[in-house]
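The values are calculated or read from the model by the stated rules, or taken from the named source; none is laboratory data. Predicted model only: the values in this text are computed from it and were never measured. Please note: Cβ atoms are built from the backbone with ideal geometry, for glycine as well, and neighbour counts cover all protein chains shown.
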Amino acid sequence: MIFRRAIVNEIANSAGAVFSVLFCIVFTQVLVHMLGDAASGDVDTKALFSIVALSTLTNLPLVLTLSVFIAVLIALSRAFRDSEMVVWFAAGQSLVAWIRPVLRFALPVACLVATLALFVSPWAERMIAEARQRFEHRDDVSKVTPGRFIESAASDRVFFVENLDIDGAHVESVFASQRSGNREIIIVAAQGNVETHGDGARFLVLSNGRRYEGAAGVAENRVLEFDRYAIRLESQTDAPLASSNARTFTTGQLLADPTARNLGELLYRVSLPVAAVILALLAVPLAYVNPRVGRSANLIIATLLALVYLNSIQIMQSNVQRGRMGFGTAVWLAHAVAVLVLVALFYRRVSLRRWLPRLPQLLPGRSRPPA
């Protein structure tokens, strides 16, 4: 009992360390990706860190699943390597006896994974989608990033602003290009302000600038100097926020509308907590290490099995969404195969039987060499 409790505590400590490392990796990857989107003008810089936090939250179910698997694998591998499991076996205990303490640790984590996958992650995905849509529905000047050329939503205007105040109402060193048919208009101004009229229309009012108008292939251009020039800003702020992505739907919405796309998403959400438990149990027989050989072989095999199992879940999800497989079959097929592999691995470790016969030391018909 004391030995088992010590191993469970070690698994918990390893899980905390593994989760911290995986969380930092995921957070850094999401942050780099979002910084690239913000630099290209696809994400609002003011909502950047909230989107990064929400994106990291959507990856927590998979991170927790892998953390449990790696933690059990590390803890039991160390016990095999330091010959602590030899003492366990000498006391008449079997490797099957580790199922209960591992489940005692893995089941609460699986419940947390289920909560995140079924309720929290869809909410985070919905918040990210709404933030992106609100940014897309804003007017052109509101999307401008100082020092970068930004194309309008209608793809007929290009804006460049050197300086922009915090509220986005005052701009300096403005360049605007607009194409209408075969004619192109270029406007350069020292400064400008965003004004809103009583009917809700928004205008970019430029001051102290010039307006160049000409046609492609024509040498003649019209040049107009102005003290005040207004450009109407097209916006879609009143457009409804909607999303057709199944990842943003709540679990209740997926059940209420059982289309192929929604059932595939539901399959993935349900599979994650089940995978957390099965992977934790798979780590028990895969943690076997021969102290005289090393531990690289079992770590490679364990990593490959975990990747194949998790990828098979995504394959089942894709097949359901494309209508190639029914939900009733795909929801248990990958887990059933994983359970069969789990039973086979436990049987091999408990019965101590080899799956492949030993190669003969001498070829048949050849006599033993003289001493």
- request: Select, from 151, 136, 184, the only residue that is out of contact with any helix residue (DSSP H, G or I) (no Cβ under 7 Å at 6 or more places or on another chain) and at pLDDT 75 or above.
  value: 184
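For the structure I just gave you, tell me whether residue 114 is in contact with a Lys or Arg (Cβ under 9 Å, 6 or more places away or on another chain), surrounded by 15 or more Cβ atoms within 10 Å (Cβ to Cβ) and part of a helix (DSSP H, G or I). Don't jump to the end; show me each part of the working.
Working: in contact with a Lys or Arg (Cβ under 9 Å, 6 or more places away or on another chain): yes; surrounded by 15 or more Cβ atoms within 10 Å (Cβ to Cβ): yes; part of a helix (DSSP H, G or I): yes.
It is true that residue 114 is in contact with a Lys or Arg (Cβ under 9 Å, 6 or more places away or on another chain), surrounded by 15 or more Cβ atoms within 10 Å (Cβ to Cβ) and part of a helix (DSSP H, G or I).
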- request: Output the residue which, of all residues in segment 213-270 that are of a type in the set (S, T, N, Q) and at pLDDT 85 or above, is nearest to residue 127 (Cα to Cα).
  value: 248
task: Output the helices (runs of 4 or more DSSP H) that fall wholly within segment 1-87 and possess 3 or more residues being surrounded by 15 or more Cβ atoms within 10 Å (Cβ to Cβ) and more than 20 Å from the chain's Cα centre (by Cα), or say none.
output: 2-39, 60-81
